[in-house]
1. Go ahead and estimate [θ] at 222 nm for the chain from helices alone: -39,500 (n - 2.57) per DSSP H run with n ≥ 4, summed, over the residue count, rounded to 500.
2. For the chain, take the longest principal axis of its alpha carbons; what is the angle in degrees between that and the long axis of helix 3-14, to the nearest 10 within 0 to 90?
3. Rounded to whole Å and sorted largest first, list the principal axis extents of the Cα atoms in the chain.
4. What full-extension length gain, to one decimal in nm, is calculated for Thr262 and Thr10 as 0.36 nm per residue of separation minus the Cα-Cα distance?
5. Do me a favour and compute the ellipsoid semi-axes for the stretch 3-108 from its Cα gyration tensor, root of five times each eigenvalue, largest one first, whole Å.
6. Report, for the stretch 117-360, the % of DSSP beta bridges that are antiparallel, rounded to 5.
7. Rounded to the nearest 0.05, what FRET efficiency do Val324 and Asp207 give with R0 = 30 Å and r taken as the Cβ-Cβ distance? Could you check?
8. Net charge near Arg34, counting Lys/Arg +1 and Asp/Glu -1 over other residues with Cβ under 14 Å of its Cβ?
Amino acid sequence: MSRTDIFAQTVEHFLRPIEPFLADPAVAEVMVNRFDEIYVEREGRLVRTEARFADHDAFMAAVNNVLQYTGKRLTAEQPLVDARLPDGSRVHVVLEPLSRFGTCMTIRKFAKALFDADALIALGSWTGQARQYLRTCVLAEKNILVAGGTSSGKTSLLNVLSSFIPAHQRIVTIEDSSELALQQAHVVSLEGRGPDRYGRGRITITDLFRSSLRLRPDRIIIGEVRGGEALDMIQAMTSGHAGSMSTLHAATAADALNRLETLAMMNDVELPPRALRAQITSAIDVIVQVSRFNDGRRALTQVAEVLPIDDDRRYQVADIFTVVAPGGPLAWTGRASRFAGDPLVAAVRETMGAAAPIFNGAKP
């Protein structure tokens with residue numbers, strides 16, 4: 001029996017009170033606010049359950065066994081911990097008294113049945129034309145940023161977009177806590193780690209990103225940009241590492257660029273604002289906005305191309321797809337793509353399908 005199988009059986013034993021929810025495909029997230037207060041997100045809605053652990057000690061035993069799988073510990077010096085279950089589900093734990101009413105744990109389940117491009121059409125998350133447009137952008141090695149709120153489906157969409165990457169290319173993924181599930185055979189997956197009990201050995205996303213540049217990647221995919229590594233990513237994108245992808249928390253495409261700038265400024269390297277903005281608009285080609293609605297539905301709400309900064313040093317984006325009416329379908333705006341004359345776009349013109357008018361400059 002492998003180490004992973006042993007941990008899986010042990011963790012399953014300690015998580016028995018919530019095991020039915022972990023096995024239920026309709027449940028996306030399990031939220032243990034304290035040992036006797038457990039909520040789940042089922043089909044997009046939060047529901048309080050009757051489940052509970054026997055007592056606080058039983059819950060803490062479960063937490064510690066979960067953390068052991070990734071070699072992490074919850075202590076007064078490390079009261080916030082990210083981990084994962086043997087099946088890939090993401091775990092976040094907050095120790096009391098930071099969590100005022102008791103230690104809490106949230107488990108975002110790993111999707112065993114991965115979405116594909118056709119499934120997103122069936123769900124109404126995007127259209128066939130949007131899929132073909134984004135597929136063309138991936139094949140033409142455009143740098144893509146997926147933006148959205150918490151639990152809006154950013155990682156799931158990133159998985160789908162990555163499926164368009166040609167099979168012969170080498171992909172390096174970088175994450176704080178592994179969530180990506182790429183379908184290609186040639187993938188190198190890097191994962192950061194926190195410091196030990198003495199504050200030693202921490203490996204950050206920046207560390208991994210700089211290492212990835214020496215691994216001869218064709219594509220670099222960062223699960224989420226959330227700090228100073230944004231500047232490293234931007235500079236790599238503008239120096240020959242095209243076709244990269246990442247996600248970021250933002251409400252609109254324009255907000256995504258402003259947030260990326262803020263994150264880049266957290267780096268130790270100082271750049272004049274105009275130079276930084278010019279690098280950002282040179283690095284990011286396409287922003288895909290995803291949203292989560294009150295009924296639990298997740299869908300693309302905006303696909304925009306990034307333009308150069310204007311004379312007043314402000315960001316500009318050109319909407320290619322938007323949602324015209326609230327809750328309505330994603331629709332082409334009629335705007336022609338600025339990539340129409342790109343040689344890499346021309347090389348895949350025969351496979352554009354419904355997206356061909358966008359790159360030909362035709363009107364709908």
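1. Calculated mean residue ellipticity at 222 nm is -8500 deg cm²/dmol.
2. Helix 3-14 sits at roughly 60 degrees to that axis.
3. For the chain, the Cα spread along each principal axis is 64, 44, 43 Å.
4. Numbers: separation 252, 0.36 × 252 = 90.72 nm, distance 4.24 nm.
Taking 0.36 nm per residue and subtracting the Cα distance, the gain is 86.5 nm.
5. Equivalent ellipsoid semi-axes, largest first: 19, 17, 13 Å.
6. Working: 17 of 38 bridges.
So the antiparallel bridges amount to about 45 percent of the total.
7. Efficiency computed from Cβ-Cβ geometry: 0.10.
8. Here the count lands on -2.
Values quoted throughout were computed directly from the atomic coordinates according to the rules given, and no laboratory measurement underlies them. These numbers come from a predicted model, not from an experiment. Neighbour counts run over all protein chains shown; Cβ positions are idealised from the backbone, glycine included.
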